[in-house]
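**Q** The structure that follows is given in the form of structure tokens.
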């Protein structure tokens, strides 16, 4: 490499310092709260999050030994407070209720989970393929081989996997107050 080439690649120290000052590290990462809920309690939990001014960020799915873990992410615009809900759908009959009637944006996410994992969202108004060819006849493409599936205890070794009681005052209080610093996880 010639001297001219080396000079064109170098970034002046002042420029490096300015970039560092403009990009402070994040204060926290991940969720403020994260719950397992039963399929029967999902709609009620989502309604309570809606009443506490949360919006739906996304819905995803993970193929596990125990079945399909459907993961919902919620956040708020006016104050910090990220909440995750996790629901297990049975492998033999992977059905959970749709939340489309509460958050219409769930439409696309639920259809994507249906396309790629075969999870059926009961009550969804248009549960048709959204990304796959409508004529696709094979198994859902993101299913794992049985030998590749991890168990819940492998993913969450130190966590209580008991579903939360969404009817409890504690659940409502925690989601309402999750901006409180005691719930924040500093790096």
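**Q** Contact list please: Cβ distance under 6 Å, first residue in the stretch 158-174 and over 15 Å from residue 32 (Cα atoms), second residue in a loop (DSSP other than H, G, I, E, B) and at pLDDT 95 or above, pairs at least six apart or on different chains.
**A** 163/38
**Q** Can you tell me how many residues in the stretch 81-100 are in contact with a helix residue (DSSP H, G or I) (Cβ under 9 Å, 6 or more places away or on another chain), surrounded by 15 or more Cβ atoms within 10 Å (Cβ to Cβ) and part of a loop (DSSP other than H, G, I, E, B)?
**A** Of the residues in that region, 5 qualify.
**Q** Give me a count of the residues in the stretch 43-65 that are part of a helix (DSSP H, G or I) and either without any contact (Cβ under 8 Å) to a residue 12 or more places away in the chain or out of contact with any strand residue (DSSP E or B) (no Cβ under 6 Å at 6 or more places or on another chain) (or both).
**A** Residues flagged as part of a helix (DSSP H, G or I) and either without any contact (Cβ under 8 Å) to a residue 12 or more places away in the chain or out of contact with any strand residue (DSSP E or B) (no Cβ under 6 Å at 6 or more places or on another chain) (or both) within the stretch 43-65 amount to 6.
**Q** OK, next. When residue 96 is evaluated against the numbered criteria (1) under 15 Å from residue 32 (Cα atoms); (2) modelled with pLDDT of 95 or more, which criterion, by number, is the only one it fails?
**A** The failed condition is (1).
Rundown of residues vs (1) surrounded by fewer than 17 Cβ atoms within 10 Å (Cβ to Cβ); (2) at pLDDT below 55, yes/no style:
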site: 4; (1), (2): yes, yes
site: 13; (1), (2): yes, no
site: 23; (1), (2): yes, yes
site: 35; (1), (2): no, no
site: 49; (1), (2): no, no
site: 61; (1), (2): no, no
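**Q** What are the residues in the stretch 132-145 that are in contact (Cβ under 8 Å) with a residue 12 or more places away in the chain and either within 21 Å of the chain's Cα centre (by Cα) or exposed (fewer than 13 other Cβ atoms within 10 Å of the Cβ) (or both), if any?
**A** Once the filter is applied, which keeps residues that are in contact (Cβ under 8 Å) with a residue 12 or more places away in the chain and either within 21 Å of the chain's Cα centre (by Cα) or exposed (fewer than 13 other Cβ atoms within 10 Å of the Cβ) (or both), the stretch 132-145 yields 139, 140, 141, 142, 143, 144.
**Q** Just checking, which of 103, 74, 68 is surrounded by 17 or more Cβ atoms within 10 Å (Cβ to Cβ), in contact with a strand residue (DSSP E or B) (Cβ under 6 Å, 6 or more places away or on another chain) and assigned to a loop (DSSP other than H, G, I, E, B)?
**A** Details: 74 fails: assigned to a loop (DSSP other than H, G, I, E, B); 68 fails: assigned to a loop (DSSP other than H, G, I, E, B).
So the residue among 103, 74, 68 that is surrounded by 17 or more Cβ atoms within 10 Å (Cβ to Cβ), in contact with a strand residue (DSSP E or B) (Cβ under 6 Å, 6 or more places away or on another chain) and assigned to a loop (DSSP other than H, G, I, E, B) is 103.
**Q** OK, next. Does residue 104 satisfy the criteria of being in contact (Cβ under 8 Å) with a residue 24 or more places away in the chain and over 28 Å from residue 170 (Cβ atoms)?
**A** no
**Q** Hey, another quick one. Residue check: is residue 129 more than 19 Å from the chain's Cα centre (by Cα) and over 22 Å from residue 46 (Cα atoms)?
**A** Yes: the conditions hold for residue 129.
**Q** Something else now. Might you let me know whether the stretch 148-159 holds any residue that is surrounded by 10 or more Cβ atoms within 10 Å (Cβ to Cβ), within 28 Å of residue 101 (Cα to Cα), touching a helix residue (DSSP H, G or I) at 6+ places or on another chain (Cβ under 9 Å) and at pLDDT below 95?
**A** Within the stretch 148-159 (the criterion being surrounded by 10 or more Cβ atoms within 10 Å (Cβ to Cβ), within 28 Å of residue 101 (Cα to Cα), touching a helix residue (DSSP H, G or I) at 6+ places or on another chain (Cβ under 9 Å) and at pLDDT below 95), the answer is no, since none of the residues qualifies.
**Q** Does the stretch 119-152 hold any residues that are touching a strand residue (DSSP E or B) at 6+ places or on another chain (Cβ under 7 Å) and outside any loop (DSSP other than H, G, I, E, B), and which are they? Before the answer, list the steps.
**A** Our first condition is that a residue be touching a strand residue (DSSP E or B) at 6+ places or on another chain (Cβ under 7 Å); within the stretch 119-152, this holds for 119-123, 127, 142-144, 149-152.
Hits for the stretch 119-152 are 120, 121, 122, 152.
The values are calculated or read from the model by the stated rules, or taken from the named source; none is laboratory data. Fair warning: this is a prediction, and the values are worked out from it, not measured in the lab. Here Cβ is always computed from backbone atoms with ideal geometry, including for glycine, and neighbour counts include all displayed protein chains.
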